[in-house]
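Everything below concerns the one structure shown next.
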Amino acid sequence: MSVSLEQLEAFVAAAENGSFSAAARRLRKAQSAVSLLISSLEDDLGIKLFSRATRNPTLTEAGTRLLPEAKLLLDRREHLIGVARSFDEHIETRLVVAIDELYPEPAIGNLFAAFANRFPHVELELLSPHSQAITGMVLEGEADIGVMWREEQLPPELDFVTIGWVPLVMVCGRDHPLAESTVSWEDLKRYRQIMVTKRRDIARRHQVRVAAEVWWVESHWVILQILRQGIGWALIPAHILANSPLAPELATPSLQFDSGTHPVALELVWHKQRPAGPAAKWLREHFVANGNRHGILETRAARL
């Protein structure tokens, strides 16, 4: 049994256009050629795809069942052609992007919808490690691009650009002692702090520690559940708090020492020694524009 893509193309065109003559016009072939292709396909498969009992052919039960299979094969042909074209244009076949939770989810959706339209044949893997792990992933080649909060000293092998600022909000449960008061820096030191971290990043855990007593948790979303119970306080990205159903059960006390938010710089990092293809370069250019366009990231002067 031999089935050609040309036969399948004639079958799909006839089914979608309602007649062999309409399929011929769409395919720019003679009607006799389309009829011959479909007849030969029926012979090769050993079944009738169309009933010819009426003026316009109608799909048989077998034709109805096989139509989506034929469409799938034709779609994969287009995919194959697109992947081949990507090689010719030196577009990457695969990218791994590691993004900290600090980067707002709505901005991620908007950015990668545009990426999918621009690079439909690039296989993409999105990872969500904490910032403290992203540096090592980019260094070791486990990620092509990283989005993380600012580190004062990056390894010399990495380059970066500041793409925006995410405000952190001091949050606690409504029954916590700090909930109803104006909080001082000394108050924060006296109560348990809940901090986000990853297990393998023990050496960096103390970079933003304020309190004497600390719990370490791997997810901001889990931290909110803990805060809800009045166990401690935490600095939470404003977009995570705003999108959480727990927000009405949490408090954001006033702070004596500033306006109440602590903007954290987000930086996009990549390895200097690994050449970037068109897809990676596109992502670098659009990360900052995407956040600003949707009013999700604050903009400030970039680090020199």
Check: Based on the Cβ-Cβ distance of T60 and L36, what FRET efficiency does E = 1/(1 + (r/R0)^6) give at R0 = 25 Å, to the nearest 0.05?
Finding: 0.85
Next item on the list: Starting from the Cα of S254, step 7 Å along the direction of its Cβ; do the same at R26; then give the gap between the two resulting points in nm.
Entry: 6.8
Next item on the list: Please report Rg over Rh for segment 5-88, where both radii come from the alpha carbon positions and Rh follows the Kirkwood definition.
Entry: 1.03
Margin query: Spelling out what I want: for every residue of segment 147-155, take phi, set θ = phi - 60°, compute 6.51 cos²θ - 1.76 cosθ + 1.60 (Karplus), and round to whole Hz; glycine and proline get x.
Written below: 10, 8, 6, 4, 10, 5, 10, 8, x
Next item on the list: Determine the percent antiparallel among the DSSP beta bridges restricted to the chain, to the nearest 5.
Entry: 65
Checklist line | the chain: most fluctuating residue of A247, A116, A33 per GNM, C-alpha cutoff 10 Å | finding: A33
Item checked: Potential extension, D44-R192 segment - 0.36 nm per residue separation minus Cα distance -> 45.9 nm
Notebook entry, point to check: Which order results if D100, D159 are arranged by neighbouring Cβ count within 10 Å, fewest first?
Noted result: D159, D100
Next item on the list: Springs between alpha-carbon atoms under 10 Å, Gaussian network over the chain: tell me which of K29, K272, K189 tops the mean-square fluctuations.
Entry: K29
Notebook entry, point to check: Can you list residues whose amide H is under 5 Å from V264's amide H, if they're 5+ apart or on another chain and H is modeled 1.01 Å from N?
Noted result: V166, L168
Next item on the list: Kindly provide log₁₀ I(q)/I(0) values, in the same order as q = 0.10, 0.16 Å⁻¹, from the Debye equation applied to equal alpha-carbon scatterers of segment 102-239.
Entry: -0.43, -0.96
Next item on the list: Go ahead and set up a Gaussian network model of the chain, Cα springs under 10 Å, then flag whichever of A234, A24, A113 fluctuates most.
Entry: A24
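What percent do you get for the relative contact order of segment 5-88 when only Cα pairs under 8 Å and 6+ apart count?
29
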Next item on the list: Using only Cα atoms, locate the centre of segment 6-82 and the centre of segment 92-146, then give the distance between them in Å, rounded to an integer.
Entry: 41
Item checked: Förster radius 45 Å - calculated FRET efficiency between T93 and Q229, Cβ distance, rounded to 0.05 -> 0.45
Notebook entry, point to check: What is the spin-label model distance, in nm, from S184 to H262 if the labels are put 7 Å beyond Cα along the C-beta direction?
Noted result: 1.8
Margin query: For a quick check: with amide H placed at 1.01 Å from N, whose amide H comes under 5 Å from A251's, ignoring anything fewer than 5 positions away on the same chain?
Written below: C172, G173, R174
Next item on the list: Could you tally the net charge around V122, taking each other residue with its Cβ under 10 Å from the Cβ of V122, Lys/Arg +1 and Asp/Glu -1?
Entry: 0
Check: Any idea how far apart W221 and L124 come out in nm if each label point goes 7 Å out from Cα toward Cβ?
Finding: 1.9
Notebook entry, point to check: So which DSSP H runs in the chain come out at 15 Å plus along the axis (Cα) with average Kyte-Doolittle of at least -0.5?
Noted result: 5-17, 31-45, 61-88, 105-118
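Pull out the extension gain between E6 and N117, defined as 0.36 nm times the separation in residues minus the alpha carbon to alpha carbon distance; nm, one decimal.
Extending this stretch completely gives an extra 37.2 nm.
Read-outs: derived from the displayed coordinates by stated rules, not from any lab. If you're wondering where the values come from, they're calculated on a predicted model, not measured in any experiment. Note: ideal-geometry Cβ built from the backbone for every residue, glycine included; neighbour counts use all protein chains shown.
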